[in-house]
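The values are calculated or read from the model by the stated rules, or taken from the named source; none is laboratory data. What you are looking at is a predicted structure, and each value in this text was computed from that prediction instead of being measured. Here the Cβ positions follow ideal geometry from the backbone for every residue, glycine too, while neighbour counts run over all protein chains shown. Only protein heavy atoms, including side chains, enter the accessible area calculation; ligands, DNA and RNA are left aside. Shrake-Rupley method; radii C 1.70, N 1.55, O 1.52, S 1.80 Å.
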Amino acid sequence: QTGPVMDMPVPASFNDITQEPGLERYIGWVWYEKEVLLPARWLRGRPAPRLLLRFGSAHYYCIVWVNGVQVVEHEGGHLPFEADISSVVQGSPDTLCRITVALNNTLSPHTLPPGSIQYMSDQARYPKNYFVQNIRFDFFNYAGIHRPVVLYTTPAAYIDDITVTTTSSDNVATVQYQVLVVGSTASSLSLSLRDQEGTVVATGDGPVGELKVLNPKLWWPYLMHENPGYLYSLEVKMQAQLGGELLEDVYTLPVGIRTVHVTSSQFLINGRPFYFHGVNKHEDADIRGKGLDWPLIVKDFNLLRWLGANSFRTSHYPYAEEIMDLCDAHGIVVIDESPGVGIKLPESFGNKSLQHHLAVMEELVRRDKNRPSVVMWSVANEPASELPPAAHYFKTVIAHTKALDPSRPVTFVTDANYALDRGAPYVDVICVNSYFSWYHDPGHLEVIPLQLTAQFENWYKTYQKPIIQSEYGADAVPGLHSDPPLMFSEEYQQALLRQYHAVFDKKRKEYLIGELIWNFADFMTNQGTTRVLGNKKGIFTRQRQPKAAAFVLRDRYWKIANESSCLPPGMTSHSHFL
């Protein structure tokens with residue numbers, strides 16, 4: 001017995017694919033099924049190879065069967081998971097392999113992000129068993145298999161994990177490595193580090209060690225160097241004896257040599273002050289929702305570089321690995337954020353929620369720990385950090401993240417009052433969201449200088465830590481004009497940005513280390529009386545066309561890059577990038 005059966009593309013959100021209103025806002029279980037024919041060579045060999053089924057992400061709770069046998073269960077979206085299906089499919093070559101996925105997008109107080117189900121019991125107003133999914137975040141709760149699903153093989157003994165950290169001083173860099181081999185106790189490892197011309201610049205062997213690189217080419221952010229995003233290739237080769245057979249596994253990891261250091265007033269990359277002039281984004285687009293979309297990804301990177309943006313935050317969840325690969329390659333600096341958005345209810349600070357949050361941070365760090373573009377972890381966005389349990393909660397999550405990765409600073413993004421925030425003592429960088437003259441004193445642009453200055457001075461006086469303005473902005477309906485500027489017009493969005501920028505320019509001489517506009521592009525939200533087909537705070541429309549504010553920001557970002565002498569000789573805002 002099933003419900004309606006329909007074609008569903010993968011990767012994609014299912015919400016906007018059909019003409020069914022009920023599916024657009026559906027909450028509950030959906031089922032995916034596909035049959036594939038496995039190559040016969042995958043099922044042969046002694047010892048038999050491992051065959052793995054990997055999901056880039058699925059929202060949110062997922063159970064997977066292969067040929068009717070359950071192979072994996074995973075809680076949480078935005079991060080990859082996989083299953084070894086060798087034992088299920090071995091011995092059945094030339095037969096179809098049936099992959100079945102059950103997916104549930106329900107959010108509870110203990111999921112990440114959290115939510116709650118509210119049953120409407122008044123049958124005079126609502127149908128029987130009527131319920132709604134409540135969420136405390138302002139983006140649409142898209143669901144589905146959002147990223148690629150792949151089948152791949154490894155030998156029975158294989159490279160399971162690689163961890164790389166880098167340091168540099170004078171003309172020598174050190175690449176420290178750890179390699180984990182699974183499936184054999186008698187394996188050998190050899191490592192070769194190659195530059196972009198293919199020349200071997202360092203070699204090593206064994207599971208733990210360090211490689212010395214003379215006169216290294218450092219990984220620099222976009223607009224800080226004429227050759228940003230320089231990547232070496234670390235080739236790790238394993239050989240192992242198993243069952244009388246010699247097995248070999250090879251993995252090539254891109255490596256960027258760079259350092260990150262935080263002082264009381266600066267953020268240093270390779271020992272030089274770095275100022276974040278960037279954006280907040282969303283994985284969001286027409287029709288495909290949060291589904292991976294290569295043309296859109298490449299368009300967005302072209303827009304980022306046109307804008308002169310050197311950074312973004314993965315608001316409010318980890319982005320696709322394909323996006324992160326481009327950040328590494330192009331020198332776009334990333335604040336890598338977990339799905340910890342909307343942590344508002346007291347029950348979302350309990351031990352059940354905490355343990356899941358710790359597990360999510362483990363998955364995120366394991367996925368992105370080797371990326372030079374990732375310079376800081378963000379464990380949450382706008383939690384109710386003024387609540388008493390928030391102190392223990394964030395102390396624990398941040399300490400756990402630092403134990404997993406001691407090489408990067410850790411933060412969370414706050415909109416709480418500086419005097420009441422119980423999580424702020426544990427962060428390395430203060431990240432503050434504020435919407436003066438939008439959500440507060442709407443329409444009164446004249447209050448921004450006073451209120452924004454007070455915000456910065458209060459936070460710095462309290463904590464003596466560098467500050468990033470991690471969100472600010474205003475909705476603008478494209479094509480809506482008003483002079484004098486009125487809310488929702490393109491002119492008001494421009495005027496609000498300029499008021500903020502005047503204060504930023506004073507404070508970046510002291511302890512302000514970054515500004516990230518909210519948002520890069522318009523995006524879909526739940527329906528509501530303040531949302532006209534989504535949030536319109538983008539400087540680009542959802543279709544990636546510029547509003548007037550995009551040009552304000554572009555002029556500003558290129559000016560900052562010029563002032564800080566970051567621009568390579570001859571590069572201007574009109575240079576071509578691709």
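Worth a mention:
- Paramagnetic label zone (point 7 Å from Cα along Cα-to-C-beta, TYR26; backbone N under 11 Å) in segment 285-313: none
- Think of the chain as having a plus end and a minus end, set by charges on the Cβ of Lys, Arg, Asp and Glu; of TYR435, THR462, GLN239, THR462 sits farthest toward the positive end of this dipole.
- Per residue, the chain exposes an accessible area of 43 Å² to a 1.4 Å probe, with every protein chain left in place.
- Assigned charges on the beta-carbon of Lys, Arg, Asp, Glu; segment 337-478 dipole about Cα centre (debye): 660
- Percent carbon-and-sulfur accessible area, segment 21-154, ignoring ligands, DNA and RNA, probe 1.4 Å: 52
- Spacing of the modelled spin labels on GLU197 and LYS395, each 7 Å from Cα toward Cβ, amounts to 5.4 nm.
- Once the C-beta distance of THR18 and LEU214 is scaled by a Förster radius of 60 Å, the resulting FRET efficiency is 0.55 to the nearest 0.05.
- Prolate/oblate/rounded call for the chain, Cα gyration tensor, a/c under 1.5 rounded: oblate
- Neighbours of PRO388, meaning other residues whose beta-carbon lies under 15 angstrom from its beta-carbon, give a summed charge of 0 when Lys and Arg score +1 and Asp and Glu score -1.
- Loop chymotrypsin sites (Phe, Trp or Tyr not before Pro), segment 143-229, which have at most 11 other Cβ atoms in a 10 Å radius of their Cβ (DSSP): none
- Global form of segment 21-154, assessed from the alpha-carbon gyration tensor, a/c cut-off 1.5: prolate
- Positive dipole terminus of the chain, leading residue within VAL5, TRP220, TRP29 (C-beta point charges): TRP220
- Amide N proximity, segment 299-340 versus SER233 label position 7 Å along Cα-to-Cβ, cut-off under 19 Å: 322, 325-331
- In order along segment 220-233, phi translates into HN-Hα couplings of 10, x, 3, 6, 9, 7, 5, 10, x, x, 6, 10, 8, 10 Hz, rounded to whole numbers, per the Karplus curve 6.51 cos²θ - 1.76 cosθ + 1.60 with θ = phi - 60° and x for Gly and Pro.
- When the solvent-accessible area of segment 453-572 is split by element, carbon and sulfur atoms take up 56 percent of it, the probe being 1.4 Å.
- For segment 153-165, the Karplus equation 6.51 cos²θ - 1.76 cosθ + 1.60, evaluated at θ = phi - 60°, returns couplings of 10, 9, x, 5, 10, 7, 7, 8, 7, 9, 10, 10, 10 Hz by residue, with Gly and Pro reported as x.
- Mean separation of Cα contacts under 8 Å, 6 or more apart, over the residue count of segment 347-506: relative contact order %: 17
- Segment ASP286..ASN351, full-extension length gain: 19.6 nm, with 0.36 nm per residue of separation and the alpha-carbon distance subtracted.
- Kyte-Doolittle mean at least 0.5, axial Cα span of 18 Å or more - DSSP H helices of the chain: 294-307
- In a DSSP loop and with at most 16 other Cβ atoms within 10 Å, the trypsin sites (Lys or Arg not before Pro) in segment 1-103 are ARG25, ARG44.
- Carbon/sulfur fraction of accessible area - segment 158-255, other protein chains in place, 1.4 Å, %: 46
- Taking 0.36 nm per residue of separation and subtracting the Cα-Cα distance, full extension of the segment from GLU362 to TYR251 would add 37.8 nm.
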